[in-house]
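The values are calculated or read from the model by the stated rules, or taken from the named source; none is laboratory data. Values in this document were obtained by computation on a predicted structure and should not be read as measured data. Counting neighbours? That spans all protein chains shown, and the Cβs are built from the backbone with ideal geometry, glycine included. All accessible areas refer to the heavy atoms of the entire protein, side chains included, with ligands and DNA or RNA removed. Shrake-Rupley method; radii C 1.70, N 1.55, O 1.52, S 1.80 Å.
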Amino acid sequence: MSKKLTLGMFGFGVVGQGLYDIIKTKNLNLEIKKFVIKNADKKRSLPAELFTTDPAAILDDPEINTVVELIDDAEAAYQFTVTALKSGKNVVSANKKMIATHLEELTEIQQQTGTSLLYEGAVCGSIPIIRNLEEYYDNELLHSVSGIFNGSSNYILSKIFNENQSYDTALKKAQELGFAETDPTLDVGGYDPKYKLAIVASHAYGLYIKPDNILNIGIDKLDQQDIRFAKEKGYKLKLVPLAKEINNAQVVLYVLPKFIGKDNMLYNVENENNGVLVKAAFADEQFFYGKGAGGHPTGSAVLSDITALRYDYRYEYKKHLEAQELSYSTDYELNIYLRYEDDVLINKLNFSSISERYYADNFKYVIGKINLKHIITHLNDIKKDGVFIAEIA
């Protein structure tokens with residue numbers, strides 16, 4: 001028989017409300033005892049006595065055995081999570097920045113205390129990729145894990161390529177629908193998928209890589225010229241994180257915009273949907289597709305973690321036992337498209353080969369092979385106005 005869970009929840013925003021909506025339709029052996037929220041004056045859909053602004057109401061309550069963390073403040077989420085785990089409470093979180101930044105330490109705390117931290121909802125919304133990496137692929141040699149991990153940027157790109165909307169118009173619509181924040185940098189700058197990639201890489205390859213050490217370039221410099229180029233070539237543009245084993249002993253990680261053709265499985269992943277492509281030695285190629293944003297899709301992933309705790313489920317981090325066999329590398333050659341203004345940048349980036357070059361008064365681009373290390377070294381130049389870089393499949 002499953003044990004009863006008494007929950008304390010930090011946050012009652014879009015995901016928290018979505019989770020509650022799902023829970024109230026189910027006959028589950030759990031109870032939400034208290035919500036800790038930031039704004040005490042905001043009108044809520046539940047009785048006022050359920051809400052407080054005092055974290056101790058959850059963290060110091062011995063009856064609460066499970067903490068659900070759904071706030072957008074990564075540092076506060078980290079403090080709450082550490083305190084809960086050390087006090088013997090299990091935690092379910094959807095905070096990808098907090099988990100990616102502190103995963104190694106949080107794993108050690110779980111091992112020391114025998115508690116469990118689950119975070120399926122932090123990566124790709126409703127797609128159960130973490131559980132699959134932990135369980136289905138636990139003894140599998142993975143060649144790569146890639147995909148569309150960010151619903152906001154994918155929604156924007158879908159509107160641009162399918163409905164001919166401008167970048168600014170598509171971004172504004174995404175903000176109106178709640179897919180993008182007022183400051184959309186986390187999404188369109190490629191930071192959100194980078195945090196998710198760091199978590200995925202940990203479960204796929206057993207490596208703890210700090211997000212700051214992973215290259216992320218977003219779609220915020222996308223221009224009408226790049227869109228025209230893509231359409232003339234029959235491409236769509238997607239923001240694609242990649243974790244890939246190279247040279248049988250190293251793993252490369254990066255987030256880049258990518259021009260892809262119709263033969264790519266990600267080509268038809270549109271709007272706020274996510275897609276994860278796993279290439280494995282024995283299982284071959286498998287594709288996961290689902291909603292990547294929204295209260296109910298993410299809430300369903302959070303609920304899956306909560307219900308797993310009724311049976312004392314824990315991540316075993318099996319791949320970390322073999323992690324000494326792999327190391328993180330940035331020595332990897334990519335085929336890239338680069339729109340630029342200053343010819344000096346071409347020389348700085350040290351292309352190993354160039355297959356195509358276009359030169360006009362108002363539009364210059366080059367396509368060729370370049371090492372990831374050179375992109376990282378000259379990242380400040382690449383992120384200047386007038387420059388856009390993307391991988392070509």
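In this structure, D41 and N350 have a Cβ-Cβ separation that, at R0 = 56 Å, corresponds to a calculated FRET efficiency of about 0.50.
Looking at the square roots a ≥ b ≥ c of the eigenvalues of the Cα gyration tensor of region 304-343, which shape do they give, rounded for a/c under 1.5, prolate if a/b is larger than b/c, or oblate? Verdict is oblate for region 304-343.
Leaving out ligands and nucleic acids, note down the accessible area per residue over region 269-360 with a 1.4 angstrom probe, in whole Å². Walk me through the intermediate numbers first.
Values: 4570 Å² over 92 residues.
It amounts to 50 Å² per residue over region 269-360.
Using only the Cα atoms, work out Rg/Rh for the chain, with Rh taken as the Kirkwood radius, to two decimals. Don't skip to the end; give the middle numbers.
Working: Rg = 21.8 Å, Rh = 22.0 Å.
Taking Rg over the Kirkwood Rh, I get 0.99.
Using only the Cα atoms of region 220-312, build the gyration tensor, take square roots of its eigenvalues as a ≥ b ≥ c, and label the shape rounded, prolate or oblate: rounded if a/c is under 1.5, else prolate if a/b is larger than b/c, else oblate. Here region 220-312 falls in the oblate category.
Full extension of the segment from N213 to D54, taken as 0.36 nm per residue of separation minus the current Cα-Cα distance, would add 53.7 nm.
Based on Cα contacts under 8 Å between residues 6+ apart, the chain shows a relative contact order of 18 percent. For an R0 of 56 angstrom, estimate the FRET efficiency from the Cβ-Cβ distance between L177 and Y359 and round to the nearest 0.05. Rounded to the nearest 0.05, the efficiency is 0.90. Would you look at the GNM of the chain, springs on alpha carbons closer than 10 Å, and say which of N27, N154, N90 moves the most? For the chain, modelled as a Gaussian network with Cα springs under 10 Å, the answer is N27.
Atom-type composition of the exposed protein surface of region 174-250 places 42 percent of the accessible area on carbon and sulfur (1.4 angstrom probe). If you build a Gaussian network model of the chain, linking Cα atoms that sit under 10 Å apart, which residue out of A180, A94, A280 swings the most? Between A180, A94, A280, it is A280 that shows the largest mean-square fluctuation. Rounded, prolate or oblate for region 1-103? Axes are the square roots of the Cα gyration tensor eigenvalues, ordered a ≥ b ≥ c, and the cut-off for rounded is a/c under 1.5. Verdict is rounded for region 1-103. Within the full protein context, the accessible area of L207 is estimated at about 20 Å² for a probe radius of 1.4 Å.
Could you give the distance between the Cα centres of region 165-213 and region 345-393, to the whole Å? Here the two parts' Cα centres lie 23 Å apart. Solvent exposure of H378, expressed as accessible area, is near 40 Å², computed with a probe of 1.4 Å over the protein chains only. Label-to-label distance, Q165 versus Q224, with points set 7 angstrom from Cα along the beta-carbon direction: 1.8 nm.
Rounded to the nearest 20, the Cβ-based charge dipole of the chain about its Cα centre (Lys and Arg +1, Asp and Glu -1) stands at 600 debye. For the chain, set up a Gaussian network in which alpha carbons nearer than 10 Å are linked by springs, and say which option among L239, L345, L171 fluctuates the most. Maximum among the listed residues: L345.
For region 306-393, what D do you get in µm² per second when you plug the Kirkwood radius from alpha-carbon pairs into Stokes-Einstein at 10 °C and 1.306 mPa s? Walk me through the numbers on the way to the answer.
Values: Rh = 15.9 Å.
This corresponds to a translational diffusion coefficient of 100 µm²/s.
Estimated from helical segments only, the mean residue ellipticity of the chain at 222 nm is -10000 deg cm²/dmol, where each DSSP H run of four or more residues counts as -39500 (n - 2.57). On the basis of the beta-carbon distance and an R0 of 25 Å, N27 and S87 show a calculated FRET efficiency of 0.30. For the residues R310, R228, R339, a 1.4 Å probe over the protein chains yields an accessible-area ranking, largest first, of R228, R310, R339. For region 38-172, what percent of Cα pairs sit more than 26 Å apart? Every Cα pair in region 38-172 considered, those over 26 Å come to 42 percent.
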